[in-house]
1. From Cα pairs below 8 angstrom and at least 6 apart in sequence, can you work out the relative contact order of segment 6-200, rounded to a whole percent?
2. Provide the net charge surrounding Gly60, with neighbours chosen by a C-beta distance below 13 Å and charges set as Lys +1, Arg +1, Asp -1, Glu -1.
3. Just order 101-114, 212-225 by mean Cβ neighbour count inside 10 Å, highest at the front, would you?
4. I need the peptides 250-261, 47-58 ranked by packing, meaning the mean over residues of other C-beta atoms within 10 angstrom, with the highest value on top.
5. Select from segment 1-60 those trypsin sites (Lys or Arg not before Pro) which occupy a DSSP coil region and have at most 16 other Cβ atoms within 10 Å, ordered by residue number.
6. Output needed: percent of Cα pairs per 10 Å distance bin for segment 6-200, bins running from 0 to the one holding the longest distance.
7. For the chain, calculate the relative contact order in percent as a whole number, restricting contacts to Cα pairs under 8 Å that are 6 or more residues apart.
8. How far apart, in nm, are the 7 Å Cα→Cβ label points at Asp226 and Ser286?
Amino acid sequence: MKGIPNIQFDPSDLSQDQAMTNWSEVFKWMHDARPIERPDRPFSSKANSWIVDSLVVSQGRYDLQVTAVDESQVPFETRNFLFCWVVKSGTSHVLHDGRVRSVGPNTYCIFDNARAFHAISTDTEFMCAVVPHSTISYDPLRHPANFQLDVRSRHGKALSENLGQIISEAPGMRRPDAVKAAQAHYDLLIDLLRQPEDALQPEFSQRDRLRAQLDELLLQPDFQFDDMMTMHELSRASLIQILDLPVSLETYVRTRRLDYAFRSLAFGPDNPERLGKIAHHSGFASESEFIQACEAQFDFHPQIVLGKLASAKSLLTAPQAPLWDRWYMDETDA
């Protein structure tokens, strides 16, 4: 009995230009994937995909690339599906339905591909699933445009573990098993869609509120953690415990500053003179400190992503984004 169809992309035997061109061709049925050349190293995106009944699952790696779905250029019938995405490492910044989301490890994200979608990814290890609307009775007019589920939550854990299981079993899977495997994932998504919409929204705990405040304060170059301790009359140990940061405070502050800077780089105009302003708005003491941090974190100079999503910025609608997610909009208008 035949196995299920498998498509692999590995650039190791191709020239740089051919690898980047072929990568774009692989995904053109779904979205516009535009790799960004990095002068210091070869293109390294790769993917391994399987067609599991009507479900397409993949695992792989994004190098540095911009991904876009333009509603005016892509017919609805070729994008009426959900793009379900689990990031294992790295970070992607996604502009979808008027909101910017930073997608990192420990989240199972779902985006309706029928709506405008723009993303910029760097060194991102991922697994994903392409789910046709019809298989789970998804209605763009009735259901949320996107979901961001913690993989430790009930739905996030079940979906991410099931997707990982399907991908691990796919190489030896036969067609009858593929039907059952796909339906198991569909059933989990159907259960998610049955939840009341307000139940799918995150609850803002004390930790969330303090993290949001920290995210705003750290954008100030003279930020001192002691200021938060005084503000809330808490010791350093107590405040750190409530924040429950996934990394050390110093690492969190540095990576969040880079996170905001990265968005501003991508969504603003392609003007090298903006680097100093971006550094200041992101909480760095100087442009050189910002460049050094960016090269250490991403292994490329920040100028390489300047303006890569400038045309998508007009899709942002400020009232839909949290304050700490749209701080940079005034800066990019300057």
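1. Once normalised by length, the contact order is 20 percent.
2. With Lys, Arg at +1 and Asp, Glu at -1, the neighbours total -1.
3. The packing order, highest mean first, is 101-114, 212-225.
4. 47-58, 250-261
5. Sparse-neighbourhood loop trypsin sites (Lys or Arg not before Pro): Lys2, Lys28.
6. 9, 36, 39, 14, 2, 0
7. Averaging sequence separation for qualifying contacts and normalising by length gives 16 percent for the chain.
8. 2.4 nm
Bear in mind that the values in this text are calculations on the coordinates, not laboratory data. Owing to the predicted nature of the structure, the values given are computational and were not obtained by experimental measurement. Ideal geometry is used to build each Cβ from the backbone, glycine not excepted, and the neighbour counts take in all protein chains shown.
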